[in-house]
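Here the structure comes first, spelled out in structure tokens, and everything after it is commentary.
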Amino acid sequence: MTLRGKQKRYLRSEAHHLQPIFQIGKNGVNPAMITQISEALEKRELIKVSLLQNTDEVADEVAHLLEKEIHCEIVQIIGRVLVLYKPSTKEKFQKISREVKAI
């Protein structure tokens with residue numbers, strides 16, 4: 001699913017008030033972190049991930065790695081903060097994805 005401009009704009013506005021729930025540090029991205037991010041996306045659909053200053057990772061590379069591994073959408077990259085979106089497969093968690101489909 002590729003997001004259109006209006007859909008990304010809506011998701012950016014929803015993500016504005018969110019705090020990053022994952023921080024990528026000097027250990028980088030590992031399989032356990034990918035699993036946790038995937039599970040969080042299943043429940044929340046929209047999350048922020050921040051890269052700490054002590055990491056050697058680059059935001060674009062991390063975003064594309066997560067996009068490939070988790071099959072999520074990159075909504076926005078601002079500096080060292082990524083906004084990720086993936087529609088939930090469970091109907092009870094599909095609050096944001098219903099709104100995105102309506103746009």
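The values are calculated or read from the model by the stated rules, or taken from the named source; none is laboratory data. Nothing here was measured: the structure is a model prediction, and the numbers come from that model. All Cβ positions, even for glycine, are placed from backbone atoms using ideal geometry, and neighbour counts span all protein chains on display. Side chains included, ligands, DNA and RNA excluded: accessible areas come from the protein's heavy atoms. Shrake-Rupley method; radii C 1.70, N 1.55, O 1.52, S 1.80 Å.
Using the crude model of +1 on Lys and Arg Cβ and -1 on Asp and Glu Cβ, and no other charge, please compute the dipole size for the chain relative to its Cα centre, in debye to 20.
Roughly 560 debye, rounded to the nearest 20.
Using only Cα atoms, find the angle between the long axis of helix 31-44 and the longest principal axis of the chain, and express it within 0 to 90 degrees, rounded to the nearest 10.
It works out to around 20 degrees.
Leaving out ligands, DNA and RNA, and with a 1.4 Å probe, what % of the accessible surface on the chain is carbon or sulfur?
Carbon with sulfur: 47 percent of the solvent-accessible area.
Quick one: which residues, 5+ away or cross-chain, put their amide H under 5 Å from the amide H of SER88? H built at 1.01 Å from N.
SER97
At 7 Å along Cα-to-Cβ for each site, give me the label-to-label distance between LEU18 and VAL58 in nm.
The modelled label-to-label distance comes out at 2.5 nm.
Between VAL81 and ARG9, what length in nm is gained on full extension when 0.36 nm per residue of separation is reduced by their alpha carbon distance?
Length difference between fully extended and current span is 24.3 nm.
As an exercise, use a Förster radius of 30 Å and the Cβ-Cβ distance of GLU99 and THR2 to find the FRET efficiency, rounded to the nearest 0.05.
Step by step, r from the Cβ atoms, then E = 0.95.
Taking the solvent-accessible surface of protein heavy atoms with a 1.4 Å probe, what is the per residue accessible area of the chain in Å²?
The answer is 63 Å² per residue.
Any idea what the relative contact order of the chain is, in percent, if you count C-alpha pairs under 8 Å spaced at least 6 apart?
After rounding, I find 31 percent.
Separation between the LYS92 and ILE34 pseudo-spin-labels, each 7 Å from Cα along Cα→Cβ, expressed in nm?
2.9 nm
Listed here are the pairs LYS26/LYS95; LYS26/LYS90; LYS8/LYS92; which of them are more than 28 Å apart at the Cα?
Pairs exceeding 28 Å: LYS26/LYS95; LYS26/LYS90.
How far is helix 59-70 tilted off the main Cα axis of the chain, in degrees rounded to 10, range 0 to 90?
It is inclined by approximately 60 degrees.
Would you pull out the residues with amide H under 5 Å of ILE24's amide H, same chain only if 5 or more places away, H placed 1.01 Å from N?
The answer is SER50, LEU51, LEU52.
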